[in-house]
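The values are calculated or read from the model by the stated rules, or taken from the named source; none is laboratory data. What you are looking at is a predicted structure, and each value in this text was computed from that prediction instead of being measured. For neighbour counting, all protein chains shown are included, and Cβ atoms are generated from backbone atoms with ideal geometry for every residue, glycine included. The area values use the complete protein model at the heavy-atom level, side chains included, leaving out ligands, DNA and RNA. Shrake-Rupley method; radii C 1.70, N 1.55, O 1.52, S 1.80 Å.
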Amino acid sequence: MHADPAGVLTGSHFLDGDHACCEGALAAGARFSSGYPITPSTEVVERFASRVPTVGGTFIQMEDELAASITLQGAVWGGAKAFTVTSGPGFSLMMEHIGLAIMTETPCVFVDVQRGGPSTGLPTLPAQGDMMQVRWGSHGDYEIIALCPNSPQECFDLTVTAFNYSEQYRVPVFVMMDEVVGHMTEKVVIPPAEQIEVTPRRYTTIPPGEFLAFEPKDDLVPDMPRTGEGYNVHVTGLTHDNRGYPDMTPAQQDKLVKRLCNKIRQNVDKITLYEADQIEGADVAVVSYGITSRVAQRAIDLARDKGIKVGKFRLITAWPFPEKQIAEIAAKVKAFVVPELNLGQMVREVERAAAGKAVVRHVPHAGGSVHKPEDILQAIMEVAR
Amino acid sequence: MQHLTEIRIAGFGGQGVILSAIVIGKAGCIFEGGYSTMTQSFGPEARGGACSAQVILSDQPVLYPYVTRPDILVVMSQEAYTIFAPQVRENGILVIEQDLVRVDKLPAGVRVYSCPATRLAEDLGKKMVLNIVMVGFFGAVSGVLKPDSLRDAVAASVPEAYRDLNRKAFDKGYEYGIKTLNGEIPAEEPQIEVAALET
């Protein structure tokens, strides 16, 4: 279906990534956000709080991130599309409720504008240090989806995608921005509402009384009940059966947790988004994401000027990790170069997927700024020899 | 628009540094159809501290988002001048608020243009529009963007109630810039003691 025009600010704008993300949420149909604003994500909800009354919706400033991350889930079960935004310290506090959203299959979006950590770290400066936290930060086995925009335009586009994925797969979806992308201002083109594809909530057509709230469809995802129409549902973080009632047996645990993972794993090809350029014939492939992909592009251009055959692979979905694509590239290139604003996170996935078929060279950076293109160029030149 | 123009605007917090950068960036990508990327230094200080914004204008998508060697530096405080003037590219342009900045040594070939933007803004009755006066002056002396693009970007970036005032501020700065280029401005403008302003 198409976006509701009420939330779509069609036109060309000069927006920072945070504001563009807010417009993406509004275009996707988000009408509720509960937040505990934190730098460098504050502008997302600041704009949402100012815009949403004109569209018809609610923003609540909560007492902390625990409240923010659980309140939005209540809104979702009440029928709204909802999200919250945060940065590292708040993201850490949200982990428990992210687990609840996974277990209860609550479609919702979390935006993490990454800053330097650990702890309060560098409030106003960039990092990409939450990439493993988003994958593994809550306890237990699960799969989530995480998207990495590298421009304000993508902050808009991928926030829409995040909402769509969350509705399609009934899973929390994460927009993993960084401070630079969040605070840089560029042209953002917001299309007319009829050109924005929005995935509606999967409401059941089975009448109350016959409906089983967690009975999966063929794609392993259950449909949702419409609140207020007589459906009595039980929603719990405990291991539950298809009715939603606790069933804490090894057999049910096996069935439920495998389904929660498999609904993502069996759809990896539909979910995975990436940008590949000049991989064929390349000696070196640079794998990057977020703001680092733009710095890496400059290094790639400099390397090509020197006659080095360099390909680019940009992760747009960091999770699920595009391991099939990386494995294929590993069979063709001599080496991968992986710059990221952390001391070694997604590079481990590249190493795992490459499985020893190609050298993997990490270009670490503790955060607080972006790489110098020359540092990435140096790594490219070394592995190309 | 040239292939790549790196611009830094710097001054005190509260002078409207960020808005000037927004106007220039918006003129480049919305009103001239090129590409522009604007970033700003975020610090805990909100007012009165050092404030700096960077705009990269290009006819191609901008990759690296930060300015390394500005082609054009616009400064509205002595502190900003001291920090950033050594970074100006050879044969670049330095634009100063002449009552607030005293120029000493500079990289080779840098052209200096000075504008009493605060006084010109005061003539309009609102000192706060000095940033837009500076944008007008910058537009005239640098020639990197069309004056109409900048003027439209000013109007699109300020609240409706202040549009006329800001348009006037832009025009005042722009005219002063044209006069400067034509050599119609007397060379010996009085300069206020910098030390007195910094207290």
> Long-range amide H contacts for B:Tyr113: which residues qualify at under 5 Å (H placed 1.01 Å from N, peptide plane, sequence gap of 5 or more or a different chain)?
Replying inline: B:Leu94, B:Val95, B:Ile96
> Taking H as built 1.01 Å from N, whose amide H comes closer than 5 Å to the amide H of A:Leu341, not counting residues under 5 places away?
Replying inline: A:Gln128
> Probe 1.4 Å, all protein chains in place: accessible area of B:Ile83 in Å², nearest 10?
Replying inline: 80 Å²
> Roughly how big is the A-B contact, given as buried accessible area in Å² (both sides, 1.4 Å probe, nearest 100)?
Replying inline: 1600 Å²
> Under a point spin-label approximation (7 Å from Cα along Cα-to-Cβ), what is the A:Thr120-A:Trp77 distance to one decimal in nm?
Replying inline: 3.5 nm
> If you plug each phi of the range A:47-57 into the Karplus form 6.51 cos²θ - 1.76 cosθ + 1.60 with θ = phi - 60°, what whole-Hz ³J(HN,Hα) values come out, in order, with x for Gly and Pro?
Replying inline: 5, 4, 4, 7, 8, 5, x, 7, 9, x, x
>> Cross-link candidates for A:Lys306: which aspartates and glutamates have Cα within less than 20 Å, leaving aside residues fewer than 8 places away along the same chain?
In response: A:Asp277, A:Glu280, A:Asp283, A:Glu374, A:Asp375, A:Glu382
> What nm value, rounded to one decimal, do you get for the distance between B:Asp148 and B:Tyr162 when each label is placed 7 Å out toward the C-beta?
Replying inline: 2.7 nm
> Under a 1.4 angstrom probe, counting protein chains only, how are A:Arg51, B:Arg102 ranked by accessible area, largest first?
Replying inline: B:Arg102, A:Arg51
> Each residue of the range A:68-78 in order: what ³J(HN,Hα) in whole Hz does its phi give by Karplus 6.51 cos²θ - 1.76 cosθ + 1.60, θ = phi - 60°, with x for Gly and Pro?
Replying inline: 4, 7, 9, 4, 5, 6, x, 5, 5, 5, x
> Karplus couplings for the range B:91-96 from phi (6.51 cos²θ - 1.76 cosθ + 1.60, θ = phi - 60°), rounded to Hz, Gly and Pro as x?
Replying inline: 6, x, 10, 10, 10, 10
> To the nearest 10 Å², what's A:Ser41's accessible area with a 1.4 Å probe?
Replying inline: 0 Å²
> Taking R0 as 25 Å, what's the FRET efficiency between A:Glu197 and A:Ser50 from their Cβ-Cβ distance, rounded to 0.05?
Replying inline: 0.40
> For the range A:63-218, what is the relative contact order in percent, using Cα pairs closer than 8 Å and at least 6 residues apart in sequence?
Replying inline: 22 percent
> How well do other chains shield peptide B:51-64, expressed as the mean number of their Cβ atoms within 10 Å of each residue Cβ?
Replying inline: 3
>> As a test of understanding, state the convex hull volume per residue of the protein assembly as shown from its alpha carbons, in Å³.
In response: 160 Å³
> In deg cm²/dmol and to the nearest 500, what is the mean residue ellipticity at 222 nm of chain A if only DSSP H runs of at least 4 residues count, each as -39500 (n - 2.57), divided by the residue total?
Replying inline: -12000 deg cm²/dmol
>> At a threshold of 8 angstrom on Cα-Cα distance, excluding pairs fewer than six apart, so keeping six or more, what relative contact order does chain A reach in percent?
In response: 17 percent
> Which FRET efficiency value, to the nearest 0.05, do you get for A:Leu238 and A:Ser92 by plugging their Cβ-Cβ distance into 1/(1 + (r/R0)^6) with R0 = 35 Å?
Replying inline: 0.90
> Taking the range A:275-384 on its own, what percent of its Cα-Cα pair distances exceed 19 Å?
Replying inline: 34 percent
>> Just to confirm my numbers, what's the Cα centroid distance between the range A:227-250 and the range A:52-116 in Å?
In response: 21 Å
>> Straight-line reach from B:Lys127: which lysines fall under 19 Å, measuring Cα to Cα and dropping same-chain residues less than 8 apart?
In response: B:Lys168, B:Lys172
> Is the shape of chain B rounded, prolate or oblate, going by the alpha carbon gyration tensor and its root eigenvalues a ≥ b ≥ c, with a/c under 1.5 for rounded and a/b larger than b/c for prolate?
Replying inline: rounded
> Excluding ligands and nucleic acids, what accessible area in Å² is computed for B:Glu97 using a 1.4 Å probe, to the nearest 10?
Replying inline: 0 Å²
> Reachable lysines from A:Lys263, Cα under 29 Å, same-chain residues fewer than 8 places away excluded?
Replying inline: A:Lys81, A:Lys217, A:Lys255, A:Lys324
> Given H placed on each backbone N at 1.01 Å, which residues far from A:Ile145 in sequence or on other chains put an amide H within less than 5 Å of it?
Replying inline: A:Phe174
> Roughly how many whole Å is it from the C-alpha centroid of the range B:76-140 to that of the range A:287-316?
Replying inline: 37 Å
> Under a Cβ-Cβ limit of 4.7 Å, which cysteines in chain A have nobody to pair with?
Replying inline: A:Cys22, A:Cys108, A:Cys148, A:Cys261
>> If I take R0 = 41 Å and measure r between the Cβ atoms of B:Thr82 and A:Ala366 in this structure, what FRET efficiency does the formula 1/(1 + (r/R0)^6) give, to the nearest 0.05?
In response: 0.90
>> Explain nothing, just the number: relative contact order of chain B, from Cα pairs under 8 Å at least 6 residues apart, as a whole percent.
In response: 21 percent
> Which percent of the accessible heavy-atom area of the range B:71-158 goes to carbon and sulfur, probe 1.4 angstrom?
Replying inline: 49 percent
>> Restricting to DSSP loop positions (anything but H, G, I, E, B) with no more than 13 other Cβ atoms inside 10 Å of their own Cβ, which GluC sites (Glu not before Pro) remain in the range B:1-93?
In response: B:Glu45, B:Glu90
> Using a 1.4 angstrom probe on protein heavy atoms only, which residues from the range A:263-303 are buried by at least 50 Å² of accessible area when all chains are present rather than their own chain alone?
Replying inline: A:Arg294, A:Arg298
